[in-house]
1. Counting other beta carbons within 10 Å of each residue's own, what order do ILE436, ILE207, ILE393 fall into, fewest first?
2. In nm, what is the difference between 0.36 nm times the number of residues separating ASP189 and ARG309 and their Cα-Cα distance?
3. Which of the peptides 437-448, 403-414 is most tightly packed, and how do the rest follow, going by the mean number of other Cβ atoms within 10 Å of each residue?
4. Return LEU33, LEU64 ranked ascending by Cβ neighbour count within 10 Å, so the fewest neighbours appear first.
5. If r is the Cβ-Cβ distance from HIS400 to TRP242 and R0 is 35 Å, what FRET efficiency results, to the nearest 0.05?
6. Could you state, as a whole-number percent, how many of the C-alpha pairs of the chain are farther apart than 33 Å?
7. What FRET efficiency comes out for the pair GLN465/HIS428, r = Cβ-Cβ distance, R0 = 30 Å, nearest 0.05?
8. When each pair of different Cα atoms in region 236-307 is counted once in the 1/r mean, what is the Kirkwood radius in angstroms, to one decimal?
Amino acid sequence: MFSCDQISKVVVLGGGSAGLMAAVTVKRLLPQLDVKLIRSADIGVIGVGEGTTAVFPSHFFETLKVSKEEFYRETQPTWKQGIRFEWGPRDYFNYTFEFQYDAQRQGMSCANGFYADEDCRDLDLPSALMDRGKAFVSGPLGKPLVRGNYAFHIENHRLVTYLEKLAARTGVELSEGTLQSVEQGPNGDVTSITFEDNRRIEADLFIDASGFRAELIGRVMNEPFLPFSSGLFCDRAVIGGWDRGEDPLVAYTTAETMDSGWCWKIEHEHWINRGYVYASQFINDEQALEEFLRKNPKVSNTPRVVKFRSGRYDRSWVKNVVAIGNSSGFVEPLEATALAQIIYGTRWLIELLRTTDLQPSDSSRHLYNTQMGRAWDEIRDFLAFHYKFNHRIESPFWSHCHHDTSLGAYQGLYDYYLDEGPGPLIIHEVPHKPNIYGVEGFLSMLVGMKVPYKRRREPTPAEQQAWKQHSAAIAAKANSAVDSVKALAAIRSPGWVWE
C-alpha cells in the first residue's frame, strides 16, 4: 500500500546529536524537503565524551561535504585508531578499523589470525601506532598524513553546538518547545504535535530523536520494546573524569575489565572521560562508585550514575514516525556504536525516500525495519562475544556472562571457529550480508582473547621469517610516526592544507 501524498514536511523531535545529525543529513541530501527541528530542555542528553567509528568522519567529510578545517576548529576532536581491550588472558589487544585477523600477508599460507597466538600487536599499522603512542605516520617534512580508517574522540557539547550552527546554515528551522500533545489521524499517522506555548506543528514525516523517552515511537505508537537481556546484562554506568595534566594523549579508546562490567577511557585534548558500565544485579551503585574511584584516584569531578536498558523497539518506522538514535534502541558504548547507528538509520531512511519518490510504501517501511532490526541485533550479538569469552576476572558477574550469555544469530560462527579456527570460510557463518562488523570484528574478539580452537596450524620456518619481516616493516613505520599532540599542532599551523 502506498502513501497517498508525497512527503514534503519533516519534523525532528529532539535536539541532541541524534536529532541534529538526522536533520542535517536529511536536509543536505534531500534539500527539497522542509525540515524543522524542535529541541526541549526536558529531553536531556547523556552528555559524555563520545568515541566514534570510522563511519563518522566518512559521513561528515565525504557524504555531507563538511569542511575539515571548520569541523576541527569547532569540535576540537582527538583521533582514535581503535580500541585497546584490557580483556582476556593477554595484557591487552588492539581492535582497529582495518583488517587484522582476516587479512593474509604475502608469503603466508593462512590468515593472520592463525599466527597471532603469542603476539598480535603489530598485525596492522593502526595497532602498531596505538602501541607506540602515535596517531599517524609522517610524510614530507615530518608532517602527519591524516588519512586512513581513523575515527574521533569528541566532546558531546562541542559536537551539539557545532551541529546547531551547521543545521541552521543548511536550512533546518530550529526552535525550542516542550511537547504537550500529539494528534493522530484515522489511520494512526501523526498529523501534528502541540507544544506548551500552544504552537501546533504539522508534518508528513516525524523523526523521533527524543532519546530514551521515545516520545513518539514508544509513548504514542506504543511500539513493543525488545530487551537484550539474553546477552547484555549491564544496565548502569558511573561517569567521571579528570584534567589531562601530564597524562599522555593517545589515539585510542581503552576498555578495561572491571569486577562487574567494564570501564571506558576516552581521550580528549584537555580532559579524560572515564565511565564504569556495570550490572546492578551484581553490584549496587555505592559499590560500583567505590570500585570506580579506587581504580581511578585521579577523578576530580563528582561522578554521576546513568541508568539505561539495552534493547530496541520492534520497529523503528511505524506509520509516519521514524525513530533515530536512543529512541530506536540502545546498547552500552563498548564498540562506540551510537553515532554510527544514527548515521546508518538516517542514510537508510533517505535512500528509501529517494527510491520511492518521497512516497514510501508499507514494503519500504518493512525493509527499513528489517535492516534496522538486523543492525541492532548484530550489535547485541557482537557485544555478547566480548562478554562470553572474557576470563580476565573471575567474579559472580563474569561467571554469569560465561555461562548465560547467548551468542544469538552468531552461535554458528563460533561453532565453526571452535573446529576450524580463524580460516577464510568462516565468512559463510555470518548470518546477514552486508553487515556492520564483518567476520573481522568477531575474529578480533575470539583471537584477541585467545579463545581456543581444534585445527591448529604451525608456521613453517619460512613463514616464521616472513612474519617477522612483515611485523618489523610495520613497526618501523610506526616508530617514526607522529603522536596526537604533534598532529594537532600541525593541523592548526597556518600553512596546513587539508587533502
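1. Final ranking by Cβ density, sparse to dense: ILE393, ILE436, ILE207.
2. Numbers: separation 120, 0.36 × 120 = 43.20 nm, distance 2.74 nm.
Gain on extension, ASP189 to ARG309, equals 40.5 nm.
3. Going from most to least packed, we get 437-448, 403-414.
4. Ranked by crowding around the Cβ, least crowded first: LEU64, LEU33.
5. Working: r = 32 Å, r/R0 = 0.90.
After rounding, the FRET efficiency stands at 0.65.
6. Of all Cα-Cα pairs in the chain, 41 percent lie more than 33 Å apart.
7. It comes to 0.40.
8. 12.3 Å
We did not get these values from a lab; they are worked out from the coordinates using the rules stated. The structure presented is a predicted model; accordingly, all values stated were derived computationally and were not measured. Ideal geometry is used to build each Cβ from the backbone, glycine not excepted, and the neighbour counts take in all protein chains shown.
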